[in-house]
Amino acid sequence: MLEALQTSLIEVVLSTVGILIAAAVSYFTPKIKRYLDIAADRDNLGIIAEITNVAVERVEEQFSGESGALKFEEATQYASKILERYGIEVSDDLIRAQIQDGWHRMQTADKQEV
């Protein structure tokens, strides 16, 4: 009789512990995944900014004297190609915004040097 009670008590405790572990895993898994996604996006944004800055500088050197629209399109295409090569998925709108930001940064840096 005592052995059956002890076995039942152990089963209840183990079941409760199992349920608590399952609940904790189901609660924390999405939060951890979201945190990791945010960290990866933060890293990617830094990479995207660097690549678009390099694209702007490269196009400014290669296409000096050309129109701004041509330079903008060339920089956008160059950055898209490099990002695709690295396997980073980016919308065209984000690339265009980063190219504009890179151009403004370059203009600001040039003004500060003068």
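Nothing in this text is a laboratory measurement; each read-out follows from the coordinates by a stated rule. Keep in mind that what you see is a predicted model, and the values were worked out from it rather than measured. Don't worry about glycine lacking a Cβ; one is built from the backbone with ideal geometry, like all the others, and counts go over all protein chains shown.
Taking the chain as the reference, fit the longest principal axis to its C-alpha atoms, fit the long axis of helix 68-85 to the helix C-alpha atoms, and give the angle between the two in degrees, 0 to 90, nearest 10.
Result, in degrees: 30.
With axes computed from alpha carbons, what is the tilt in degrees of helix 2-62 against the longest principal axis of the chain, rounded to the nearest 10 within 0 to 90?
Roughly 0 degrees, rounded to the nearest 10.
How much net charge surrounds Glu61 when only the other residues with a Cβ under 14 Å from the Cβ of Glu61 are counted, with Lys and Arg +1 and Asp and Glu -1?
Every neighbour counted, the sum reads -3.
Please give the calculated 222 nm ellipticity per residue for the chain, where each DSSP H segment of at least 4 residues contributes -39500 (n - 2.57) and the sum is spread over every residue; nearest 500 deg cm²/dmol?
Using -39500 (n - 2.57) per qualifying helix, the result is -32500 deg cm²/dmol.
What relative contact order, as a whole-number percentage, does the chain give when Cα pairs under 8 Å and 6 or more residues apart are counted?
26 percent
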